[in-house]
Protein chains: 2
Amino acid sequence: MKHSLVRDTIVETASNLFYQKGYNLTGINEIIREAGVAKATLYSHFKSKEDLCLAYLEFKNTTFLKEIKSFTSKAPKGKKQVLALFDFLKSFFKDKDFNGCWCINTISEIPKDNEKIRKEIKKEKYQLITFIEELVASNFPKLTKKKIPTLAKKIYLLYESAIAESHLHQDPWAIDSAKELCDLILPK
Amino acid sequence: MKHSLVRDTIVETASNLFYQKGYNLTGINEIIREAGVAKATLYSHFKSKEDLCLAYLEFKNTTFLKEIKSFTSKAPKGKKQVLALFDFLKSFFKDKDFNGCWCINTISEIPKDNEKIRKEIKKEKYQLITFIEELVASNFPKLTKKKIPTLAKKIYLLYESAIAESHLHQDPWAIDSAKELCDLILPK
DNA sequence: ATTAATGAACAGACAGGTCTGTCTTTATTT
DNA sequence: AAATAAAGACAGACCTGTCTGTTCATTAAT
């Protein structure tokens, strides 16, 4: 198999396992078995399990941002396009592999002083906030520049609680509730 | 030491360690060392680490509910008393031992099919929702009975994202933002 | 064109450490 | 004297990461 393809296979396999079972409960041996790859091969691509964790976070984030951008762009312009954030989440929730937010899950699993991973996670969340700002700005052009970041942060909070709580309660009520609340705070 | 006191010591020590370092990264040996207790003693009180985890969740929850009820009851009646939820969270955030929500952290660490722990966590969250309902009902007596649960759930979502996001970003902006949003949705 | 060399991946043993949970032995307390 | 707890050895499983040696495909050199 080609060098870069092997890497991709490892990242995808590890991502699925990390996301489903958690980082600490997934062993390297399980990853290589599943990926059909030798241990030395894995360690030639990643110098440690932590390195693989970073690749996992990046992979998930890239895929996620692409999907959510594509999904919302298909919704009608205006309020509905912003609210589509929650429709996206709902379809994500319905997926049999849904297991909440990988960032939150990972933060709970790593030692407090692991700055590398924490930094990556914060970066990813800021990318989401930035996307929401763009979404709000493009759908509410009358909104003053100053108000956009504040509003986007609030929508972000609603999004985050919707994903965490639908996961915790294994029920989508949190998504509906957050969407309602979002509807309330968007300019009419 | 007295039998029940030994149990309390173990639970408190385990709770601190589980909360600070995470469930999977805290070993039984570390708990007994810290608690000054023999391993056989621990296993005479708890049949497994999972059992100890349940005791940890219960302990944290009991303490937490007591404190948040006491804190909010001291705030002036009306809107302010409900908003005091977020002031409580802020002081909690400032604590050097703050490490987010133990329920969310634990959910991320255990296998998906651990129904015992999941059930306990859901129960605890419903206790929080119930408390918020009571808080809302007693501070907004004009509110119809039907509207209370819906409103309480929304406040709950704001509370949950405030705790999770202040933890993730290691910054209290999420608490302020959630409080503002809560202020907005409370009847004037 | 044939051979040699290089790079990549495979297979899996191994080291050295961790984990949970059990068990025995010794000490303390009541 | 009986019960309780301490101390810690131990079993057995699992973990990450290293290392040796083999296979195979592609490239370079003759």
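The values are calculated or read from the model by the stated rules, or taken from the named source; none is laboratory data. These figures come from a predicted structure and were not determined experimentally. Cβ coordinates were reconstructed from backbone atoms using ideal geometry, including for glycine residues, and neighbour counts include every protein chain displayed. All accessible areas refer to the heavy atoms of the entire protein, side chains included, with ligands and DNA or RNA removed. Shrake-Rupley method; radii C 1.70, N 1.55, O 1.52, S 1.80 Å.
Conditions tested, residue by residue: (1) more than 10 Å from every other protein chain (Cβ to nearest Cβ); (2) free of Cβ contacts under 8 Å to residues at least 60 places away in the same chain; (3) closer than 19 Å to A:Cys182 by Cα.
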position: B:Pro141; (1), (2), (3): yes, yes, no
position: B:Pro149; (1), (2), (3): yes, yes, yes
position: B:Lys154; (1), (2), (3): no, yes, yes
position: B:Ala164; (1), (2), (3): no, no, yes
position: B:Leu168; (1), (2), (3): no, no, no
position: B:Ala178; (1), (2), (3): no, no, yes
position: B:Asp183; (1), (2), (3): yes, no, yes
position: B:Leu186; (1), (2), (3): yes, no, yes
State all residues of the stretch B:83-113 that are open to solvent by less than 20 Å² (accessible area, probe 1.4 Å) and over 24 Å from A:Ala162 (Cβ atoms); if no residue qualifies, say none.
B:Ala84
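Output the residues belonging to the stretch B:1-21 that are in a loop (DSSP other than H, G, I, E, B) and either surrounded by 19 or more Cβ atoms within 10 Å (Cβ to Cβ) or of a type in the set (A, V, I, L, M) (or both). Show your work before the answer.
Of the stretch B:1-21, the ones in a loop (DSSP other than H, G, I, E, B) are B:1-2.
Once the filter is applied, which keeps residues that are in a loop (DSSP other than H, G, I, E, B) and either surrounded by 19 or more Cβ atoms within 10 Å (Cβ to Cβ) or of a type in the set (A, V, I, L, M) (or both), the stretch B:1-21 yields only B:Met1.
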Scan the stretch B:113-131 and give yes if some residue there is within 11 Å of chain A (Cβ to nearest Cβ) and in contact with a Leu (Cβ under 6 Å, 6 or more places away or on another chain), otherwise no.
no
Taking interchain pairs and intrachain pairs at least six residues apart, which have beta carbon atoms under 8 angstrom, with the first residue in the stretch A:90-106 and at negative phi and at the interface with another protein chain (Cβ under 9 Å from one of its Cβ atoms) and the second open to solvent by less than 60 Å² (accessible area, probe 1.4 Å) and in a loop (DSSP other than H, G, I, E, B)?
A:Asn105/A:Gly22; A:Asn105/A:Tyr23; A:Asn105/A:Asn99; A:Thr106/A:Tyr23
Apart from one, (1) open to solvent by 80 Å² or more (accessible area, probe 1.4 Å); (2) within 14 Å of DNA strand D (Cβ to nearest atom); (3) part of a loop (DSSP other than H, G, I, E, B) all hold for B:Asn24; the odd one out is (1)
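A quick yes/no check of all residues on (1) among the small types (Gly, Ala, Ser); (2) in contact with a Pro (Cβ under 9 Å, 6 or more places away or on another chain); (3) farther than 25 Å from A:Asp171 by Cβ:
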| position | (1), (2), (3) |
| --- | --- |
| B:Leu135 | no, no, no |
| B:Thr144 | no, no, no |
| B:Leu157 | no, no, no |
| B:Ser161 | yes, no, no |
| B:Gln170 | no, no, yes |
| B:Lys179 | no, no, yes |
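Can you name every one of the helices (runs of 4 or more DSSP H) wholly within the stretch A:39-132 that holds 2 or more residues which are within 16 Å of DNA strand C (Cβ to nearest atom) and of a type in the set (Ser, Thr, Tyr)?
Correct list: A:39-45.
Can you tell me which residues in the stretch B:27-38 are open to solvent by 60 Å² or more (accessible area, probe 1.4 Å) and outside any helix (DSSP H, G or I)? Before you say what the answer is, go through the steps one by one.
As a first pass, look at the stretch B:27-38 and keep what is open to solvent by 60 Å² or more (accessible area, probe 1.4 Å): B:29, B:33-34, B:36.
Across the stretch B:27-38, the qualifying residue is only B:Gly36.
How many of the residues in the stretch A:27-45 are away from every other protein chain (no Cβ under 14 Å) and within 19 Å of A:Asp97 (Cα to Cα)?
Pass one, the stretch A:27-45, residues away from every other protein chain (no Cβ under 14 Å): A:28-29, A:31-45.
If we keep only those that are within 19 Å of A:Asp97 (Cα to Cα) too, we end up with A:31, A:34-35.
Within the stretch A:27-45, residues that are away from every other protein chain (no Cβ under 14 Å) and within 19 Å of A:Asp97 (Cα to Cα) number 3.
Quick check, is A:Asn24 within 14 Å of chain B (Cβ to nearest Cβ) and either away from DNA strand C (no atom under 16 Å from the Cβ) or under 14 Å from the mean Cα position of the chain (by Cα) (or both)?
On the way: within 14 Å of chain B (Cβ to nearest Cβ): yes; either away from DNA strand C (no atom under 16 Å from the Cβ) or under 14 Å from the mean Cα position of the chain (by Cα) (or both): no.
In short, no.
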May I ask you to say which residue of B:Lys80, B:Lys39, B:Lys60, B:Lys66 is touching a residue at least 24 places away in the same chain (Cβ under 8 Å) and either within 16 Å of DNA strand D (Cβ to nearest atom) or under 29 Å from B:Ser166 (Cβ atoms) (or both)?
B:Lys60
